[in-house]
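**Q** Handing you this structure, nothing more for now.
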Amino acid sequence: MPSQPSQPKQPDQPKQPDQRQELSAFLRSRRERITPDEVGLPQTGRRRTPGLRREELALLAGISATWYTYLEQGREIRASEQVFDSLASVLRLDRHERTTLLQLAGHAPLAEAEAPEPLTPEVAAVPLLLQPHPSYVIDGNYDVLSHNQAADQLFPNLITEADRTANFVRWVFLEPAARDVLVDWEPEARGLLARLRTLAGRHPNDPRYTRLIEELHEGSPEARDWWPQYEVQARHSGQKRLRHPGGEPIDYTYTAFHLAEQPEQTLVIYFAGSIPPAL
């Protein structure tokens, strides 16, 4: 059984209040998505909220219901990584969600706020070399640092002001043209917000993320509705259905490469259709 305190104690390194509330919101969102049937519990009476009750989760994780309630209420309590591993197992968290849980609980390192990594001329030139394939370089908070003409045509109004850095998340949620270009806008937008949430969780003190999240909340009702659900997701490659302005939907394959010397920067390349198999 995981070790646990009998009552709330001061942690060795107190978390910031916002981080405790983030941990509370994350646990609650994951508890509410697990049904009793999924964990082999019988349905007992009418439930006021979806998912497991707090006491049910605590029982399955081998911790006291009172202690788990304190944890979900955002109180300052100390728990071992073993406790959170047990909770992650019951909640069926994937590896990205487990990492997020441990970071919020103070058992995984968080990135310190620092100046954005400079874009070297060599990296800035890569999207130009990849023309006619839409390509761009983004940093950790999805600011677009470099792009080619094909990307400018595929994502209209991505670059709107000379004195303001373009941002792909801002474009998806706040640019009306995005809902026409992204044929499957809602799942694409939800996935992008989940990836932003993951990255923001690793940089809790970085004002770039704070400003972007505030802007999304002010301008997008979908972002306001989805953010409390606390979905997290890692950047990945895949396929998207995109539509050039005035054109028919086209299936694109896209892939992302993290730069070796600037790991926060990512090169994203789109190919119309499927990538041919390697020779």
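The values are calculated or read from the model by the stated rules, or taken from the named source; none is laboratory data. Note that the structure is predicted; figures quoted are calculated from it, not measured. FYI the Cβ positions are ideal-geometry reconstructions off the backbone, even for glycines, and counts take in every protein chain you see.
**Q** Go through (1) modelled with pLDDT under 95; (2) more than 19 Å from E214 (Cα to Cα) one by one and return the number of the condition A151 breaks.
**A** Going through the list (1) modelled with pLDDT under 95; (2) more than 19 Å from E214 (Cα to Cα), A151 breaks only (1).
**Q** Could you name every one of the strands (runs of 3 or more DSSP E) located completely within the stretch 178-279 that has at least 1 residues being under 19 Å from the mean Cα position of the chain (by Cα) and of a type in the set (V, I, T)? Walk me through how you get there before you give the answer.
**A** Values: elements: 238-243, 249-258, 266-272.
Per the criteria, 249-258, 266-272.
**Q** Restricting attention to the stretch 102-128, report how many residues are at pLDDT 85 or above and crowded, with 17+ Cβ neighbours inside 10 Å. Lay out the reasoning, then the answer.
**A** Kept after step one, since they are at pLDDT 85 or above, are these residues of the stretch 102-128: 119-128.
With the extra rule that they be crowded, with 17+ Cβ neighbours inside 10 Å, the set shrinks to 123, 126-127.
Looking only at that region, the number is 3.
**Q** Further question: Among the helices (runs of 4 or more DSSP H) confined wholly to the stretch 16-92, which include 2 or more residues that are closer than 16 Å to L104 by Cα and small (G, A, S)? Full working, then the answer.
**A** Values: elements: 17-31, 54-61, 65-72, 81-90.
Hits in the stretch 16-92: 17-31, 81-90.
**Q** Just to verify a result, which residue in the stretch 154-174, among those that are within 20 Å of the chain's Cα centre (by Cα) and crowded, with 18+ Cβ neighbours inside 10 Å, is modelled with the lowest pLDDT? Spell out how you get there, then give the answer.
**A** Initial filter on the stretch 154-174 (within 20 Å of the chain's Cα centre (by Cα)): 166-174.
Pick out the ones that are also crowded, with 18+ Cβ neighbours inside 10 Å and you get 166-173.
Values: A166: 92, N167: 95, F168: 96, V169: 96, R170: 96, W171: 96, V172: 97, F173: 97.
If we take residues in the stretch 154-174 being within 20 Å of the chain's Cα centre (by Cα) and crowded, with 18+ Cβ neighbours inside 10 Å, then A166 is modelled with the lowest pLDDT.
**Q** Now for a different question. If you check L52, L23, which single one turns out to be touching a Leu at 6+ places or on another chain (Cβ under 6 Å) and within 30 Å of A200 (Cα to Cα)?
**A** Step by step, each of L52, L23 is checked, and only L23 is touching a Leu at 6+ places or on another chain (Cβ under 6 Å) and within 30 Å of A200 (Cα to Cα).
**Q** Only residues that are in contact with a Phe, Trp or Tyr (Cβ under 6 Å, 6 or more places away or on another chain), more than 21 Å from A177 (Cβ to Cβ) and surrounded by 16 or more Cβ atoms within 10 Å (Cβ to Cβ): list them for the stretch 217-267, please.
**A** Y230, L267
**Q** If you don't mind, another one. Report yes if some residue within the stretch 206-216 is touching a Lys or Arg at 6+ places or on another chain (Cβ under 6 Å), without any contact (Cβ under 8 Å) to a residue 60 or more places away in the chain and in the same structural domain as L154 (by TED's automatic domain parsing); otherwise report no. Please lay out each step first, then the result.
**A** Kept after step one, since they are touching a Lys or Arg at 6+ places or on another chain (Cβ under 6 Å), are these residues of the stretch 206-216: none.
No - not one qualifying residue is present in the stretch 206-216.
**Q** In addition: Could you identify the single residue in R243, R224 that is touching a residue at least 60 places away in the same chain (Cβ under 8 Å) and assigned by TED's automatic domain parsing to the domain that holds N148? Break it down into steps so the answer makes sense when it comes.
**A** Details: R224 fails: touching a residue at least 60 places away in the same chain (Cβ under 8 Å).
Just one listed residue meets the conditions, R243.
**Q** Taking E214 as meeting all but one of (1) farther than 24 Å from F271 by Cβ; (2) modelled with pLDDT of 90 or more; (3) surrounded by 14 or more Cβ atoms within 10 Å (Cβ to Cβ); (4) acidic (D, E), write down the number of the exception.
**A** Here E214 clears every test but (3).
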